[in-house]
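The values are calculated or read from the model by the stated rules, or taken from the named source; none is laboratory data. If you're wondering where the values come from, they're calculated on a predicted model, not measured in any experiment. Using ideal geometry, Cβ is built from the backbone for each residue, glycine included, and neighbour counts are taken over all protein chains shown. SASA here: full protein model, heavy atoms, side chains in, ligands and nucleic acids out. Shrake-Rupley method; radii C 1.70, N 1.55, O 1.52, S 1.80 Å.
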Amino acid sequence: MESAVTFGGGRLLGVLSQPESSADRPCLLILNAGLVYRAGPGRLSWDLAHWAADLGFSSFRFDWSGLGDSAPRIPPLGAIESAVADAGDAMDHLTAEFGLRRFVLVGLCSGAVFGH
């Protein structure tokens, strides 16, 4: 099951993919690779989200501030600071609204840098 999710004061948009049955597993927070929106390069993030759901894991992929369907951050921050703030906002929202409490950050390219 997939759900569109707005967070960060309604400024950020992501997609939560959940398995059919609930399990106490961490949620994969799939971070963008460079300037590619939440589907990922060659839809890799989309494929990963669906594969994870088939294995019983929730996942969340979202657009960074100012990318894809997410509005820019005002005032702007540097790339790393903005990405860290966006990821924190995502985890806070997923915890408050969906009860997800553990996360594994997944990313390629700058997504790996930002996750680190």
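Every residue, every condition in (1) aromatic (Phe, Trp, Tyr); (2) within 11 Å of LEU12 (Cβ to Cβ), yes or no:
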residue	(1), (2)
SER45	no, no
SER58	no, no
PHE62	yes, yes
ALA85	no, yes
LEU100	no, no
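Taking ARG61, is it of a type in the set (Lys, Arg) and outside any strand (DSSP E or B)? When the stated conditions are applied, ARG61 does not pass them.
Looking at the stretch 8-57, which of its residues are modelled with pLDDT of 90 or more and over 20 Å from HIS93 (Cβ atoms)?
The initial filter retains those residues of the stretch 8-57 that are modelled with pLDDT of 90 or more, namely 8-19, 25-31, 45-57.
Once the filter is applied, which keeps residues that are modelled with pLDDT of 90 or more and over 20 Å from HIS93 (Cβ atoms), the stretch 8-57 yields TRP46, ASP47, LEU48, HIS50, TRP51, ASP54, LEU55, GLY56.
Just give me the residues in the stretch 90-116 being more than 17 Å from SER58 (Cα to Cα), open to solvent by 50 Å² or more (accessible area, probe 1.4 Å) and in a helix (DSSP H, G or I), in sequence order.
Answer for the stretch 90-116, where residues must be more than 17 Å from SER58 (Cα to Cα), open to solvent by 50 Å² or more (accessible area, probe 1.4 Å) and in a helix (DSSP H, G or I): just VAL113.
So which residues in the stretch 58-82 are of a type in the set (Asp, Glu) and surrounded by fewer than 17 Cβ atoms within 10 Å (Cβ to Cβ)?
ASP69, GLU81, listed by residue number.
The C-beta contact set for the stretch 17-28 (first residue more than 15 Å from ASP47 (Cα to Cα), second residue among the charged types (D, E, K, R) and surrounded by fewer than 20 Cβ atoms within 10 Å (Cβ to Cβ), distance under 6 angstrom, 6+ apart or interchain) comprises PRO26/ARG102. The single condition from (1) out of contact with any Leu (no Cβ under 6 Å at 6 or more places or on another chain); (2) aliphatic (A, V, I, L, M); (3) open to solvent by less than 30 Å² (accessible area, probe 1.4 Å) that LEU55 fails is (3).
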